[in-house]
Every structure is written in structure tokens, then in C-alpha cells.
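Peer 1: There's a structure below that I have some questions on.
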Amino acid sequence: MSFDQSPSFDQFQNGMPDPLPDPEVGRKKFRALLYGIASVVALIAIFVILKDTHAIENMTATGLVRGRVTTEAGQPFQGSVFILGTELAVETDANGYFELSGVPAGDQILIIADDFIGRDIAIRVSTASELQVGELRFEPTAMPPK
């Protein structure tokens with residue numbers, strides 16, 4: 001600080017003078033406001049994009065998948081039925097019927113399996129509805145030679 005800008009003793013007669021206002025305070029408030037507005041705009045944009053792709057609906061919505069699995073000979077199949085990538089799994093009943101509830105809406109892969117082999121079927125589950133896949137024939141493929 002130069003001598004010309006130094007305070008005089010007259011300024012201290014009544015104690016310390018009031019500090020000068022901080023020029024950064026206004027800038028900080030403006031930046032905070034700008035960040036807040038940008039965050040709100042970004043959230044709205046993300047919501048609109050997800051809404052248009054039905055992603056939000058698919059994240060929270062589930063459906064029911066029912067059907068019957070038979071062997072090549074037309075007999076009831078005894079095995080497991082599950083949705084790939086989820087914890088959803090059931091065993092077919094004595095007549096080969098199965099029911100999976102809570103299946104996430106959207107495109108899914110239904111797996112039918114016995115102790116040795118499995119078969120995958122692409123399905124599309126709709127929100128809050130039942131998908132009847134009908135009768136599925138479980139045809140084991142030839143085992144490769146050892």
C-alpha cells in the first residue's frame with residue numbers, strides 16, 4: 001500500500017473503521033444462482049429424455065409372465081424358468097406351468113433350463129399386465145462329443 005492510500009489517525013478516533021465490502025460476495029452469490037439454475041435445467045432435460053424413451057416407466061414398472069413348458073414328446077417339462085439378469089426364478093409345476101411375477105417391464109430374456117441344458121426366449125413385458133407366452137417346447141440340442 002502506498003503512503004497516499006494509508007489511513008490517517010483521524011479515521012480511528014471512534015475505533016476501527018468499518019471494513020470495506022468484499023467484492024467477491026456478489027460474485028459468489030451470482031455463481032451459486034447460476035449453478036442452481038443450471039442444475040435445475042439439467043434435471044428437467046434428463047427427465048424429459050427419460051420420459052420420452054419410457055425408461056422411467058420401465059425402471060419402476062413390472063409385469064407377470066405365464067406359460068407352459070413341454071418336452072419334445074409333448075409331456076410336461078420339469079425344470080427352472082427364470083429371467084436373465086434378475087433374481088426371479090421358479091420351478092415348473094407337475095403339469096409344466098409356470099408363473100413369474102414382478103418381471104421388470106421391457107425387453108427381457110426368459111430362460112428355460114433343466115439340470116444340463118437351457119434355452120433362451122426373448123420376450124417383451126408390458127407395464128402392469130400379464131404376458132401369456134403360451135406353450136413352449138423345450139428341445140434339447142445335441143451334446144458335443146467329448
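Laboratory data are not the source of any read-out in this text; all were calculated from the coordinates shown. Worth saying up front: this structure is predicted, and the values here are computed from it rather than measured. A quick note on method: Cβ atoms are made from the backbone with ideal geometry, for glycine too, and the neighbour counts reach across all protein chains shown.
Peer 1: Compute the distance in nm between two label points, each set 7 Å from the Cα along the Cα-to-Cβ direction, one at Asp10 and one at Leu84.
Peer 2: Label-label distance for Asp10 and Leu84, simple model: 8.8 nm.
Peer 1: Ok, one more. Through the Karplus equation 6.51 cos²θ - 1.76 cosθ + 1.60, θ set to phi - 60°, convert the phi angles of the stretch 105-119 into ³J(HN,Hα) values in whole Hz; use x for Gly and Pro.
Peer 2: After applying 6.51 cos²θ - 1.76 cosθ + 1.60, I find 5, x, 6, 9, 10, 8, 10, 10, 9, 10, 5, 10, 9, x, 9 Hz.
Peer 1: How would the chain be classified by its alpha-carbon gyration tensor: rounded, prolate or oblate, with rounded meaning a/c under 1.5 and the a/b versus b/c comparison settling the rest? Show your work: numbers first, answer last.
Peer 2: Numbers: a/c = 5.78, a/b = 4.26, b/c = 1.36.
Prolate.
Peer 1: Can I ask one more? Quick check: net charge around Phe77, other residues with Cβ under 9 Å of its Cβ, Lys/Arg +1 and Asp/Glu -1? Let's see the in-between values first.
Peer 2: On the way: positive: Arg68, Arg137; negative: Asp114.
Charge balance near Phe77 sits at +1.
Peer 1: In debye, nearest 20, what is the charge dipole magnitude of the chain about its Cα centre with +1 on Lys and Arg Cβ and -1 on Asp and Glu Cβ, if you could check?
Peer 2: Details: 11 positive and 19 negative charges, 54 e Å.
In debye, rounded to 20, the chain gives about 260.
Peer 1: If I take every Cα pair under 8 Å that is 6 or more residues apart in the chain, average their sequence separation and divide by the length, what percent do I get for the relative contact order? Before the final figure, lay out each step's value.
Peer 2: Numbers: 210 pairs, mean separation 34.1, N = 146.
Taking the mean separation of contacting Cα pairs over the length of the chain, I get 23 percent.
Peer 1: Compute the acute angle (0 to 90°) between the alpha-carbon long axis of helix 23-52 and the principal axis of greatest extent of the alpha-carbon atoms of the chain; round to the nearest 10°.
Peer 2: Around 20 degrees separate the two axes.
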